[in-house]
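Worksheet: one structure, shown below.
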Amino acid sequence: MNKINKFNLSKEKVVDFAKIEKKWQELWEKKKAFVVKEGKKRKCYVLEMFPYPSASGLHVGHAFNYIIGDIYARFKRMQGFNVLYPMGYDAFGLPAENAAIKAGEHPKKYTENAINNFVMQQKRLGLSYDWGRMIKTCDADYYKWNQYFFLKFFKKGLVYRKKSSVNWCPKCKSVLANEQVHNGKCWRHDDVDVEIKSLEQWFFRISNYAEELLQDVQKLDWPERIKIMQENWIGKSEGTEIFFEINSEKWAVFTTRPDTLFGVTFLVISAQHPRLMEIVKEENKKEVEEFLRKIKSTSEKDNINLEKEGVFSGSYAIHPLTKEKIPIWIGNFVVADYGSGMVMAVPAHDQRDFEFAKKYNLPIKLVVVPLDEKLSSNTLKEAYLGNGVMINSEEFNDLENVEAMEHITKALEMKKLGKKTVNYKLRDWLISRQRYWGTPIPIIYCEKCGIVPEKEDNLPIVLPEKVKFGEGNPLSTNEEFVNTKCPKCGRKAKRETDTMDTFVDSSWYFLRFCDSANSKVPFDKKKVDYWMPVDQYIGGAEHACMHLIYARFFCKALRDFGFVSVSEPFKRLFNQGMIHGEDGFVMSKSRGNVVNPSDMINKYSADSLRLFLVSMASPDKDTQWSTNGIESMHKFVTKIFEHCKKIKFGKSSKRFESKINKTIKELTNEIENFRYNIAIIKLRELFSEMEREEEIAKSDFGSFIKMLSLFCPHIAEELWCRIGSKNFVSLADWPVCDEKKIDEKFEEMDKNFEKAIEDINNILKIMKEKGKEIEKVYLYVLPKEIEGYNEKELAKRIGKEIKVFAVNDKKKYDPENKSGKAKPGKPGIYVE
RNA sequence: GCGGGGAUGCCGGAGUGGACAAACGGGAUGCGCUCAAGACGCAUUGGCUCAGUGCCUACGAAGGUUCGAAUCCUUCUCCCCGCACCA
């Protein structure tokens, strides 16, 4: 067994992929093959979502992502575009800080190590980045501009501070992200309940752009499902705002069903409503407080089917039209920051209200009834949500409820008791984090002047390196950082110790790539105007509602400030699928099914890995790793290399010319649409054809190498160089299809040829079963079809001696007159 | 619950009205090469039948449209993903 393996290994060594890869990677870098500048040429900006550099290094998912992008970038470059294809690192974030707490390694060092490791591994994949533009978001050169934009936003009121309920772990002494709360417990302390704390937080007013974000998403060339996810996330709903009088003050509620206004039997205010206590009567206070305490411990959303609960506030509202007294309840199911945080409850026509009314024995009043069915408030089993005719609604009775919506809204507007409104689910973006490893928020608190923005000239506010980890936010315990002077009055003041959400970093990094070394401004507008928008963005679908909305928001806000001219950052988006482990499960350390790209490169070469990853399935689909798959792909790559080394140049046959031009045409289209798997199949087919040819034209061979170079750039460069080409194949012109050379007759010939082989084999099989030994096969072909039947090829495929005659050949050997059986496309066969 | 996407041969996965028993790859089997194994080449890989033919059964299930359906329509089952009390 050992012997065999050793032998195999030495055989594989015939092609020294490692050497070839190193050679070309170094040459690309040395000759600045992929370095770009603005110019007159048509541009194409290809970008992959930049990674968070984790210490565990690159995994195949990353590799897959970058390979998809690299193939596209190479393709566009060869097509003559000026391709901007950069790489950077989303380097701030929690894992680095947690590592610091756990292992005592400074986040900066941790991150730098991780980045170096990423770069090294990425280079080995043969990715054609313009490395000179690299960004690390943890560099002050970068995050300075986060602070700069923050100040701009602040000036224009796009940033504000407000009290908000956040997840707080008393043991970490820090706010947690929603993702860090599991079943109401802290992710690091599973015995500690997360508290909901009301804290002053910084927000970006993304809701200002809700409508535009919604409108523009439809125009994007993005996967439909991502667009739909964003639409749902923004969640526009049109309805009516209605004012109820409470303690002689007007309180608004939002409804999409103004037609049911007469069915309102109570109001429900959110338990998290900031003005809740104003409507709680003294005698109900105790009960309410107890209720609030109770829901606090179950406040996490992890409870999927939370039982609706509530308590009476003691107050009443006055119905705007009937002037009836309506009790106000406090409920756990009303969202505080949507609409006005208070709803009008119509138990007859809303399932949630219905359940609440049943539980607390509140009246149910039908106001819309279907025509074909008799309903009664007493026997109602569930809320009636359908359309129908109005009842119990004074002058609106007998109207269709759909009409009544309009009429009631108008009536309210006349009396100034309501108005048409639009509401969005999209909330303002909470950006403050009580964490160290992020961009310091450039705000100062002065006892006299209050909240004061830092002066632009004082940027960057540098993150101090010497801090203590493990006790809440390390910034707040760093005296040197915290204590400062007020930029306005010069008195003693304190710095904001919150840092920005790292999604701020990734909201504009694609702009910085256009001018990454600029130290005067975040980027030169001219350069950004040349490169933007990103023509092709590539990344996973998990960012559908976070990064992709934030970045769109930033782009629009920066447009309004005059920094950029485009309204949308990413013109076209491609979502790659997930690569699962060989066992079908998501790759994870604990499962032990993780595949490391570098190991695969060592074992099978970068070109094999690249080719394999994009050939398994359509790149947008989830797939499974397969050892067999990459092994056979490696064999294929080796075979290509070996065959191409000894190929004979001359004149291509008409047939091969037809084939290669057809392949060029199809491949171009497949690549443009990310059907790489199909492209590879076509390339394989072309290669098989090539193997059959005695000789081919050098230019046709060149075309093949060019197409191959997208997937296997290293061996392609090597082969390209060996045929005497001076420049890089990576920078060569993409082959153009010569339509005139495509001749469908060859397809027809192939089909007939394959059919004939099938027929012969069938006959041979039958003869064998009958015990007859066959040595020779004779084929009788129509004279004009004879070029389609190559004796040598036939003999190879059948494994017998074979002779091909034209049917009109006088000298043919045909003892049983089988030539008479020959038909167009179907030769006669005789065996003996 | 709402929204989106799927279900294809031993497996992965193409294919969106005829040229489909269905690309391509993997696996398996057989043959060739070889002392032998690997590698390589060729063939087979739904069933029956047969000198290259013909038939049947098949693309989640059941119906329908059509001269004709894996492909279009309807209903159902199952799987995946996203959102989740948004009034």
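The values are calculated or read from the model by the stated rules, or taken from the named source; none is laboratory data. Not measured: the values here are computed from a predicted model. As a convention, Cβ positions derive from the backbone with ideal geometry for all residues, glycine included, and neighbour counts pool all protein chains shown. Remember, those area values only see protein heavy atoms, side chains included, never the ligands or the DNA or RNA. Shrake-Rupley method; radii C 1.70, N 1.55, O 1.52, S 1.80 Å.
Could you say which residue among A:K662, A:K603, A:K635, A:K646 is open to solvent by 40 Å² or more (accessible area, probe 1.4 Å), farther than 18 Å from A:I696 by Cβ and more than 9 Å from RNA strand B (Cβ to nearest atom)? Show your work before the answer.
Working: A:K662 fails: farther than 18 Å from A:I696 by Cβ; A:K635 fails: more than 9 Å from RNA strand B (Cβ to nearest atom); A:K646 fails: farther than 18 Å from A:I696 by Cβ.
A:K603 is the lone residue from the list that is open to solvent by 40 Å² or more (accessible area, probe 1.4 Å), farther than 18 Å from A:I696 by Cβ and more than 9 Å from RNA strand B (Cβ to nearest atom).
Of everything in segment A:236-248 that's more than 9 Å from RNA strand B (Cβ to nearest atom) and open to solvent by 20 Å² or more (accessible area, probe 1.4 Å), which residue is nearest to A:D350 (Cα to Cα)?
Step one: filter segment A:236-248 for residues more than 9 Å from RNA strand B (Cβ to nearest atom), giving A:241-248.
Restricting the remaining residues to those that are open to solvent by 20 Å² or more (accessible area, probe 1.4 Å) gives A:241, A:243, A:245, A:247-248.
Values: A:E241: 17, A:F243: 20, A:E245: 22, A:N247: 27, A:S248: 28 Å.
Ranking the candidates gives A:E241 first.
Yes/no per residue for (1) at pLDDT 85 or above; (2) in contact with a Leu (Cβ under 7 Å, 6 or more places away or on another chain); (3) more than 30 Å from A:I67 (Cβ to Cβ); (4) aliphatic (A, V, I, L, M):
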position	(1), (2), (3), (4)
A:K706	yes, no, no, no
A:E718	yes, no, no, no
A:C721	yes, no, no, no
A:G724	yes, no, no, no
A:C737	yes, no, no, no
A:D759	yes, no, yes, no
A:K770	no, no, yes, no
A:E775	no, no, yes, no
A:E787	no, no, yes, no
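Every residue in segment A:439-471 that is hydrophobic (A, V, I, L, M, F, W, C) and under 35 Å from the mean Cα position of the chain (by Cα), please.
Just the residues of segment A:439-471 that are hydrophobic (A, V, I, L, M, F, W, C), to begin with: A:441, A:443-444, A:446, A:449, A:451-452, A:459, A:461-463, A:467, A:469.
Listed by number, the residues that qualify are A:I441, A:I443, A:L459, A:I461, A:V462, A:L463, A:F469.
Which of the residues that make up segment A:613-630 are surrounded by fewer than 19 Cβ atoms within 10 Å (Cβ to Cβ) and more than 7 Å from RNA strand B (Cβ to nearest atom)?
A:D620, A:T627 - these are the residues of segment A:613-630 that are surrounded by fewer than 19 Cβ atoms within 10 Å (Cβ to Cβ) and more than 7 Å from RNA strand B (Cβ to nearest atom).
Out of the residues in segment A:314-331 that are out of contact with any strand residue (DSSP E or B) (no Cβ under 7 Å at 6 or more places or on another chain) and either of a type in the set (S, T, N, Q) or closer than 17 Å to A:I242 by Cβ (or both), which is farthest from RNA strand B (Cβ to nearest atom)?
First, the residues of segment A:314-331 that are out of contact with any strand residue (DSSP E or B) (no Cβ under 7 Å at 6 or more places or on another chain): A:314, A:321-324.
Restricting the remaining residues to those that are either of a type in the set (S, T, N, Q) or closer than 17 Å to A:I242 by Cβ (or both) gives A:321-324.
Details: A:L321: 16, A:T322: 18, A:K323: 21, A:E324: 18 Å.
So, considering only residues that are out of contact with any strand residue (DSSP E or B) (no Cβ under 7 Å at 6 or more places or on another chain) and either of a type in the set (S, T, N, Q) or closer than 17 Å to A:I242 by Cβ (or both), the one farthest from RNA strand B (Cβ to nearest atom) is A:K323.
Here is a list: A:K810, A:K726, A:K803. Which entry is more than 14 Å from RNA strand B (Cβ to nearest atom), more than 30 Å from A:N661 (Cα to Cα) and not in a helix (DSSP H, G or I)? Working first, answer last.
Values: A:K726 fails: more than 30 Å from A:N661 (Cα to Cα); A:K803 fails: more than 14 Å from RNA strand B (Cβ to nearest atom).
Only one candidate qualifies: A:K810.
Among the residues in segment A:729-749, are any within 9 Å of RNA strand B (Cβ to nearest atom) and open to solvent by less than 50 Å² (accessible area, probe 1.4 Å)?
Within segment A:729-749 (the criterion being within 9 Å of RNA strand B (Cβ to nearest atom) and open to solvent by less than 50 Å² (accessible area, probe 1.4 Å)), the answer is no, since none of the residues qualifies.
Please work out which one of (1) touching a helix residue (DSSP H, G or I) at 6+ places or on another chain (Cβ under 6 Å); (2) closer than 22 Å to A:W508 by Cα; (3) not hydrophobic (A, V, I, L, M, F, W, C) is the condition A:N82 fails and give its number.
(1)
I'd like to know if segment A:301-312 contains one or more residues that are surrounded by 13 or more Cβ atoms within 10 Å (Cβ to Cβ) and of a type in the set (K, R).
Within segment A:301-312, one or more residues are surrounded by 13 or more Cβ atoms within 10 Å (Cβ to Cβ) and of a type in the set (K, R).
Does A:N378 satisfy being at pLDDT 90 or above, open to solvent by 10 Å² or more (accessible area, probe 1.4 Å) and of a type outside the set (A, V, I, L, M)? Lay out the reasoning, then the answer.
Details: at pLDDT 90 or above: no; open to solvent by 10 Å² or more (accessible area, probe 1.4 Å): yes; of a type outside the set (A, V, I, L, M): yes.
So A:N378 fails the test.
Every residue, every condition in (1) out of contact with any strand residue (DSSP E or B) (no Cβ under 9 Å at 6 or more places or on another chain); (2) open to solvent by 20 Å² or more (accessible area, probe 1.4 Å); (3) closer than 19 Å to A:R692 by Cβ, yes or no:
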residue	(1), (2), (3)
A:F753	yes, no, yes
A:I757	yes, no, yes
A:E773	yes, yes, no
A:K776	no, yes, no
A:E787	yes, yes, yes
A:N808	yes, yes, no
A:E816	no, yes, no
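Tell me which residues, restricted to segment A:821-832, are surrounded by fewer than 14 Cβ atoms within 10 Å (Cβ to Cβ) and either in contact with a Pro (Cβ under 9 Å, 6 or more places away or on another chain) or at pLDDT 85 or above (or both).
A:E832
Considering only residues that are touching a residue at least 12 places away in the same chain (Cβ under 8 Å) and among the hydroxyl-bearing types (S, T, Y), look in segment A:552-600 and name the one that is surrounded by the fewest Cβ atoms within 10 Å (Cβ to Cβ).
A:S565
Yes or no: A:T477 free of Cβ contacts under 8 Å to residues at least 12 places away in the same chain and either open to solvent by less than 20 Å² (accessible area, probe 1.4 Å) or hydroxyl-bearing (S, T, Y) (or both)?
yes
Can you find even one residue in segment A:383-398 that is open to solvent by 30 Å² or more (accessible area, probe 1.4 Å), farther than 17 Å from A:T260 by Cβ and in contact with a Gly (Cβ under 9 Å, 6 or more places away or on another chain)?
no
Does A:V777 satisfy being aliphatic (A, V, I, L, M) and either in a loop (DSSP other than H, G, I, E, B) or more than 9 Å from RNA strand B (Cβ to nearest atom) (or both)? Break it down stepwise before answering.
Details: aliphatic (A, V, I, L, M): yes; either in a loop (DSSP other than H, G, I, E, B) or more than 9 Å from RNA strand B (Cβ to nearest atom) (or both): no.
Answer is no for this residue.
I'd like to check something: does segment A:566-586 contain any residue that is in a helix (DSSP H, G or I), of a type in the set (V, I, T) and either within 15 Å of RNA strand B (Cβ to nearest atom) or out of contact with any strand residue (DSSP E or B) (no Cβ under 6 Å at 6 or more places or on another chain) (or both)?
We begin by selecting, within segment A:566-586, every residue in a helix (DSSP H, G or I); these are none.
No, there is no match, as no residue in segment A:566-586 is in a helix (DSSP H, G or I), of a type in the set (V, I, T) and either within 15 Å of RNA strand B (Cβ to nearest atom) or out of contact with any strand residue (DSSP E or B) (no Cβ under 6 Å at 6 or more places or on another chain) (or both).
Within segment A:501-521, count every residue that is assigned to a loop (DSSP other than H, G, I, E, B) and hydrophobic (A, V, I, L, M, F, W, C). Break it down stepwise before answering.
Here is the first cut: in segment A:501-521, the residues assigned to a loop (DSSP other than H, G, I, E, B) are A:501, A:506-508, A:516-521.
Pick out the ones that are also hydrophobic (A, V, I, L, M, F, W, C) and you get A:508, A:517, A:521.
Selection size over segment A:501-521: 3.
If only one of A:D398, A:D350, A:D372 is farther than 23 Å from A:G314 by Cα and near RNA strand B (Cβ under 9 Å from one of its atoms), which one is it?
Numbers: A:D398 fails: near RNA strand B (Cβ under 9 Å from one of its atoms); A:D372 fails: near RNA strand B (Cβ under 9 Å from one of its atoms).
Selected residue: A:D350, the only one of A:D398, A:D350, A:D372 that is farther than 23 Å from A:G314 by Cα and near RNA strand B (Cβ under 9 Å from one of its atoms).
Which one of these is of a type in the set (A, V, I, L, M), buried (at least 17 other Cβ atoms within 10 Å of the Cβ) and either in a loop (DSSP other than H, G, I, E, B) or modelled with pLDDT of 90 or more (or both): A:V14, A:V36?
So the residue among A:V14, A:V36 that is of a type in the set (A, V, I, L, M), buried (at least 17 other Cβ atoms within 10 Å of the Cβ) and either in a loop (DSSP other than H, G, I, E, B) or modelled with pLDDT of 90 or more (or both) is A:V36.
Sort out which residues of segment A:524-548 are free of Cβ contacts under 8 Å to residues at least 60 places away in the same chain and open to solvent by 10 Å² or more (accessible area, probe 1.4 Å), and write them in order of number. Give the steps one after another, and end with the answer.
Of segment A:524-548, the ones free of Cβ contacts under 8 Å to residues at least 60 places away in the same chain are A:524-525, A:528-529, A:542, A:546.
Correct list: A:D524, A:K525, A:D529, A:E542, A:M546.
Being assigned to a helix (DSSP H, G or I) and in contact with a helix residue (DSSP H, G or I) (Cβ under 8 Å, 6 or more places away or on another chain) is the filter; apply it to segment A:230-259 and report the residue that is farthest from A:E403 (Cα to Cα). Explain how you work it out, then say what you get.
From segment A:230-259, those assigned to a helix (DSSP H, G or I) are A:230-234, A:258-259; that's our starting set.
Still in the running and in contact with a helix residue (DSSP H, G or I) (Cβ under 8 Å, 6 or more places away or on another chain): A:230-231, A:233-234, A:258-259.
On the way: A:Q230: 31, A:E231: 27, A:W233: 29, A:I234: 27, A:P258: 10, A:D259: 8 Å.
It comes out as A:Q230.
For every residue, the table says whether it meets (1) among the aliphatic types (A, V, I, L, M); (2) more than 9 Å from RNA strand B (Cβ to nearest atom).
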residue: A:L220; (1), (2): yes, yes
residue: A:E224; (1), (2): no, no
residue: A:K227; (1), (2): no, yes
residue: A:Q230; (1), (2): no, yes
residue: A:I234; (1), (2): yes, yes
residue: A:K250; (1), (2): no, yes
residue: A:V253; (1), (2): yes, no
residue: A:V264; (1), (2): yes, yes
residue: A:E289; (1), (2): no, yes
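Could you check A:E283 against (1) over 23 Å from A:K425 (Cα atoms); (2) touching a strand residue (DSSP E or B) at 6+ places or on another chain (Cβ under 9 Å); (3) within 15 Å of RNA strand B (Cβ to nearest atom) and say which number it fails?
The one condition A:E283 does not meet is (3).
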